[in-house]
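K.L.:
Here it is: the structure, laid out below.
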Amino acid sequence: MAQVAQPDYDKPDDSGEIRVKVICLGDSAVGKSKLVERFLMDGYKPQQLSTYALTLFNHKTEINGQKVSVDFWDTAGQERFNNMHPSYYHQAHACILVFDTTRKVTYKNLPQWLKELREYRPEIPCLCAANKIDVDTSVTKKTFNFAKKHNMPFYFVSASDGTNVVRLFRDAIKAAMKYKSNPTDIMDEIMQELENFDLDPGNSNGDSSTDKKSKSAIGSPATDDGVVIS
Amino acid sequence: MTTTTLQLLKCGLRFDPPTLVITYKDWKANKLRRRSMPLRSFTKHSNISSAIKELTENKRHARFVQLLPEAQLHRLLTIMKDKLCGMSLEVSIARNNDIDTLDPNEDLNKVDPETLTRKKLQMDSTFEKNRKKPGDPDFQYNVEIDFETELGRVETSGWDSGDGSDPEF
């Protein structure tokens, strides 16, 4: 597997592609990797992030005529609550929250995964997937209130026989693209501001009285990078 | 494939010295054979997955090791490790039976990596059994099935009833 550094999803694209990051969350052995593999089939190139035990799969596709380069992030079996590296959540544009319909405990843990996600990404779209329906298809007649309660789209899927896997991932990509074009997280807004900001060399070092530590203080005229973010 | 003429019949362990033993049928030669594969560097501190990797990469043993299902290899080497740690065979087998049984209520976020690997291998057998893959006559890349909407579903999963596990929301 190729070792790569973490890509920067906020960098402007040079190829006219939109670049999005979609992460998968959920308990150990709910089938997150199997779902990604089923969606990508042979067309994936797994890459290991050099610094952390995380795997990402790049996928290039076209949605409504727009070229998009998607990185699906997988936990590489490192999932423990409060133990996922922050870089896993960093700059993510959408999340697929997975549970295993044969194991109740994986459903009961969804609120904890959602809570952890929201600490890092308060606003990104989240889709809920009920996996392994091939084991007992009668689960598809039953109600699971978690998704509705949190206003998420819900999918009955099987990585084994393929049911609704493509639909789930295409919807996730669309949600990620939509979010990227109209982000509501405050950090995304700041990042976008930074991207769009026209550096004025005459002004960037103008206010030397600014506390260098107040990088996150919105409204302060300049940071120590010399970039105005107000 | 070099292994196609070999058929695994039995597998087991010899404890002293630690050895993996299999009997197999060599259909090409039409003979029943036994092969002993000494686990020379295996100790009570060995990591099971690494030991299996070593075995499957061993030029002399690889084609025989490949005959064993991965779950079986994990089980055998774990029993060997238990033995080296001083556990009785009876206790070790009971423990390994537990590991190879899926308990729907067990939180797999909390088990050790080796146990998780073995639980996944058990799940993989169901996954493979139900699997539709490219080349299968009924394989389709995009399978869309519209199940009854939430409102139309009549049964409750029973998984939402309060045990207080969703206090934050």
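The values are calculated or read from the model by the stated rules, or taken from the named source; none is laboratory data. In this text, all values refer to a predicted model and were calculated from it rather than measured experimentally. Glycine gets a Cβ as well: all are built from the backbone with ideal geometry, and neighbour counts include every protein chain shown. Only protein heavy atoms, including side chains, enter the accessible area calculation; ligands, DNA and RNA are left aside. Shrake-Rupley method; radii C 1.70, N 1.55, O 1.52, S 1.80 Å.
K.L.:
Say we look at region A:131-184 and pick out the residues that are β-branched (V, I, T) and without any contact (Cβ under 8 Å) to a residue 12 or more places away in the chain; which of these is nearest to B:D138 (Cα to Cα)?
P.N.:
For region A:131-184, the residue satisfying everything is A:T137.
K.L.:
Of A:Y120, A:Y88, which residue is at pLDDT 90 or above, more than 14 Å from chain B (Cβ to nearest Cβ) and open to solvent by 10 Å² or more (accessible area, probe 1.4 Å)?
P.N.:
After ruling out the rest, the residue left standing is A:Y120.
K.L.:
Quick one: how many residues across region A:58-78 are of a type outside the set (D, E, K, R), outside any loop (DSSP other than H, G, I, E, B) and over 14 Å from A:A172 (Cβ atoms)?
P.N.:
Count: 3.
K.L.:
Let me ask something else. If you go through region A:139-170, how many residues are more than 8 Å from every other protein chain (Cβ to nearest Cβ) and polar (S, T, N, Q)?
P.N.:
Selection size over region A:139-170: 1.
K.L.:
I'm trying to understand the selection: among the residues of region A:137-161, which are within 28 Å of A:E62 (Cβ to Cβ) and in contact with a helix residue (DSSP H, G or I) (Cβ under 6 Å, 6 or more places away or on another chain)?
P.N.:
A:F154, A:Y155, A:F156, A:V157, A:A159, A:S160, A:D161
K.L.:
Can you name every residue in region A:64-74 that is more than 17 Å from A:L127 (Cα to Cα) and surrounded by 19 or more Cβ atoms within 10 Å (Cβ to Cβ)?
P.N.:
Within region A:64-74, just A:V68 meets the criteria.
K.L.:
I would also like to ask the following. Can A:K178 be described as within 7 Å of chain B (Cβ to nearest Cβ), modelled with pLDDT under 95 and open to solvent by 50 Å² or more (accessible area, probe 1.4 Å)?
P.N.:
Details: within 7 Å of chain B (Cβ to nearest Cβ): no; modelled with pLDDT under 95: yes; open to solvent by 50 Å² or more (accessible area, probe 1.4 Å): yes.
Criteria not met by A:K178.
K.L.:
Taking only region A:139-180 into account, find how many residues are over 17 Å from B:E128 (Cβ atoms) and assigned to a helix (DSSP H, G or I).
P.N.:
23
K.L.:
Here is a further query. Return the residue satisfying two criteria in turn: it lies in region B:50-109 and is under 23 Å from B:R34 (Cβ atoms) and of a type in the set (S, T, Y), and of such residues it is most open to solvent (accessible area, probe 1.4 Å).
P.N.:
B:T56
K.L.:
So, one more: Do you know which of the residues in region A:123-138 that are outside any loop (DSSP other than H, G, I, E, B) and either within 7 Å of chain B (Cβ to nearest Cβ) or under 15 Å from B:N130 (Cα atoms) (or both) is nearest to the chain's Cα centre (by Cα)?
P.N.:
A:N131
K.L.:
A further question follows. When the residues of region B:109-128 are filtered to those that are within 15 Å of B:H74 (Cα to Cα) and of a type in the set (K, R), which remaining residue is farthest from the other protein chains (Cβ to nearest Cβ)?
P.N.:
By that ranking, first place goes to B:R118.
K.L.:
Moving on. Looking at region B:134-141, is at least one residue more than 9 Å from every other protein chain (Cβ to nearest Cβ) and crowded, with 18+ Cβ neighbours inside 10 Å?
P.N.:
no
K.L.:
Just to be sure, is A:C95 in contact (Cβ under 8 Å) with a residue 40 or more places away in the chain and either within 8 Å of another protein chain (Cβ to nearest Cβ) or surrounded by 23 or more Cβ atoms within 10 Å (Cβ to Cβ) (or both)? Write out each step before concluding.
P.N.:
Working: in contact (Cβ under 8 Å) with a residue 40 or more places away in the chain: yes; either within 8 Å of another protein chain (Cβ to nearest Cβ) or surrounded by 23 or more Cβ atoms within 10 Å (Cβ to Cβ) (or both): yes.
The answer is yes for A:C95.
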